[in-house]
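What follows is one structure encoded as structure tokens, with my remarks underneath.
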Ligand code: KIV
Ligand code: NA
């Protein structure tokens with residue numbers, strides 16, 4: 001199957017839903033390459049899910065480069081979108097263009113950054129110099145301190161003007177996180193680029209899930225996610241079997257080792 005491009009993404013709007021998952025490493029990228037997922041998000045949620053940080057604020061360019069490279073080594077047909085981490089784009093256009101360029105050089109097909117009107121110039125500059133940008137509005141976890149926690153964002157006028165500012169700056173797509181479904185619907189109707197939702201209802205052009213929530217590996221199960229597997233339970237059961245097998249002497253079995261006679 002052919003590599004999915006920005007063009008394919010744009011063509012799907014209003015016709016076919018776009019389906020995304022976060023992917024943080026080579027082995028999962030290899031497995032998911034064989035599925036109908038459209039795009040992999042190397043999300044800065046890897047900070048909590050993979051690295052054990054308390055929030056995404058601790059995630060650096062170094063971490064994002066490390067994981068983007070790992071996903072890119074799987075050469076998936078899916079588009080690889082890498083999150084720009086906290087403070088990798090905020091300080092200046094120059095910093096933003098440099099860091100977006102670095103992620104593209106390391107294998108990202110596009111970058112994602114958080115914010116609306118206030119990042120419009122950053123987005124414009126990054127796109128101008130050749131790196132496609134996905135926007136991210138609504139709950140922006142990198143701003144949880146000033147937002148007063150992880151909560152539903154309800155200011156409709158601000159959300160709409162943020163979406164329009166990003167569209168105008170040239171984003172090819174837009175994540176809408178944790179806003180009322182009616183507002184996400186309105187934005188989806190207003191902008192020409194596909195909207196990808198998480199916790200923002202069914203009216204968007206696509207959905208994204210964090211893979212740890214999807215697989216049942218996360219520490220909590222957010223209400224807006226659906227647990228398609230309960231891998232944590234399955235892992236515990238498998239480990240119990242392994243421990244029992246070793247202790248009882250049934251592992252390794254004859255097929256698992258060589259001896260002089262065989
Ligand atoms: O980092 C992430 O996983 C994200 C998604 C929740 C959109 O940004
Ligand atoms: Na993110």
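Would you please name the residue that is farthest from ligand 1 (Cβ to nearest atom), looking only at residues in region 167-185 that are part of a helix (DSSP H, G or I) and under 20 Å from residue 199 (Cα atoms)?
Checked region 167-185; the qualifying residue farthest from ligand 1 (Cβ to nearest atom) is 182.
Just one of (1) under 16 Å from the mean Cα position of the chain (by Cα); (2) within 16 Å of ligand 2 (Cβ to nearest atom) trips up residue 119, so point out which.
In the conditions (1) under 16 Å from the mean Cα position of the chain (by Cα); (2) within 16 Å of ligand 2 (Cβ to nearest atom), residue 119 misses (1) alone.
Can you tell me which condition residue 144 does not meet? The list is (1) buried (at least 20 other Cβ atoms within 10 Å of the Cβ); (2) touching a residue at least 60 places away in the same chain (Cβ under 8 Å); (3) not in a strand (DSSP E or B), and all the others hold.
(1)
For residues that are at positive phi and in contact with a helix residue (DSSP H, G or I) (Cβ under 8 Å, 6 or more places away or on another chain), scanning just region 79-116, find the one that is farthest from ligand 2 (Cβ to nearest atom).
Here the answer is 107.
Based on what the data block shows, is residue 32 within 13 Å of ligand 2 (Cβ to nearest atom) and modelled with pLDDT of 95 or more?
no
Considering only residues that are within 13 Å of ligand 2 (Cβ to nearest atom), crowded, with 20+ Cβ neighbours inside 10 Å and in contact (Cβ under 8 Å) with a residue 60 or more places away in the chain, which ones fall in region 49-78?
Across region 49-78, the qualifying residue is only 56.
Kindly evaluate residue 18 against the criterion of being at negative phi, crowded, with 20+ Cβ neighbours inside 10 Å and away from ligand 2 (no atom under 16 Å from the Cβ).
For residue 18, the condition - at negative phi, crowded, with 20+ Cβ neighbours inside 10 Å and away from ligand 2 (no atom under 16 Å from the Cβ) - is met.
The values are calculated or read from the model by the stated rules, or taken from the named source; none is laboratory data. Since this is a predicted model, take the numbers as computed values, not measurements. As a convention, Cβ positions derive from the backbone with ideal geometry for all residues, glycine included, and neighbour counts pool all protein chains shown.
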